[in-house]
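A short worksheet on the structure shown next.
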Amino acid sequence: MNSEKRIFISYAREDEEAAKRMYTDIKQAGGIPWFDQEDLLPGQNWELEIGRTIRSCSYFIAIISEHSSNKRGYIQKELRKALDILEELPPNAIYIIPARLDSSEPLHNALNKIHRVDLFPSWEEGLKKILKSLGLSTNSKNTEEANHSLLTKPSDEEVIGKIRETAARDHPNDFSTQKFVIKKQVEALEKIKGYKPLGIPENVVGTIIDDARRYHPNDFSTQLFIIEKQVKDWKELHDT
């Protein structure tokens, strides 16, 4: 599988939302991120697949927070694997990118030798630095497509075609993953098209859906995830 600009995202489970946001932002910028919640297939040996992916990826983003810094478990094993790979690379190579969500210090002392980036107080400023290290542009074609998609309504055939193109680009020569991703995206698209939650004004739902489309173009799984979470949060706020 082509590993060009393939980026592994390591995170503590408590930071899953931040990891998913990082996955989406890198994908929109033209990179090929690897995020277990999106890329692991049902039935795969997750430990073997993660180890294989870490070794094949070009970059390793370590999301650092109070959760990952104080947590025992597999996340520490991921970091050790990445540090072992770093030892094999030239001294000036960029491979591990520590990205902090808060002021926590990394548990592994070796990470303190690597210049880190803070995603607080501004996620956008931190993201720009990460994309620069990855050799990606912040002015992605996907962002332009997102603005255009709000003004036009492509046919179902065009949308399915775009889903297929994206799956082929993100998972070249991995046809099982392409099939799985396409099925997942189409299912999410159909749910969004018929999404009518009870107990929330239609204009609020419309705004939530438009924002999800704008910031996550052609990624219907992420759109659905955000839409459902936003609706849930809105209901909780208005039920109190």
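Can you tell which of Ser122, Ser58, Ser221 shows the greatest fluctuation in a Gaussian network model of the chain with Cα springs below 10 Å?
Fluctuation is largest for Ser122.
By the gyration tensor of its Cα atoms, with a ≥ b ≥ c the square roots of the eigenvalues, what is the shape of the stretch 27-97: rounded for a/c under 1.5, prolate for a/b over b/c, or oblate? Walk me through the numbers before you get to the answer.
On the way: a/c = 1.38, a/b = 1.13, b/c = 1.22.
Rounded, since a/c falls under 1.5.
Could you calculate the FRET efficiency of Ser176 with Glu17 from 1/(1 + (r/R0)^6), where r is the beta carbon distance between them and R0 is 30 Å, rounded to 0.05?
On the way: r = 28 Å, r/R0 = 0.92.
Plugging the Cβ-Cβ distance into 1/(1 + (r/R0)^6) gives 0.60.
Which aspartates and glutamates have a Cα less than 20 Å from the Cα of Lys162, not counting those fewer than 8 places away in the same chain?
Correct list for Lys162: Asp25, Glu38, Asp39, Glu144, Glu145, Asp170, Asp174, Glu187, Glu190, Asp210, Asp211, Asp219.
Given a Förster distance of 25 Å, report the FRET efficiency between Lys113 and Ser56 from their Cβ-Cβ distance, rounded to the nearest 0.05. Please report the intermediate quantities before stating the final value.
Details: r = 24 Å, r/R0 = 0.97.
It comes out at approximately 0.55.
Which entries of Lys184/Lys229; Lys71/Lys235; Lys129/Lys183 have Cα-Cα distances beyond 22 Å here? If you can, show how the numbers build up before the last one.
Values: Lys184/Lys229 18 Å; Lys71/Lys235 32 Å; Lys129/Lys183 34 Å.
Distance filter (> 22 Å) returns Lys71/Lys235; Lys129/Lys183.
Sort the stretch 6-134 into rounded, prolate or oblate with this rule: let a ≥ b ≥ c be the square roots of the eigenvalues of the Cα gyration tensor; rounded if a/c is under 1.5, and if a/c is not under 1.5, prolate when a/b is larger than b/c, oblate otherwise.
Working: a/c = 1.20, a/b = 1.12, b/c = 1.07.
Here the stretch 6-134 falls in the rounded category.
Have a look at Gln37, Gln178, Gln76 and tell me which one the Gaussian network model of the chain (Cα, springs below 10 Å) gives the largest fluctuation.
Of the options given, Gln37 has the highest mean-square fluctuation.
Using 7 Å Cα-to-Cβ label points, what is the Asp239/Ser133 separation (nm, one decimal)?
4.0
Read-outs: derived from the displayed coordinates by stated rules, not from any lab. All values derive from a computational prediction rather than experimental measurement. Neighbour counts are summed over all protein chains in view; Cβ atoms, including those assigned to glycine, are modelled from backbone coordinates with ideal geometry.
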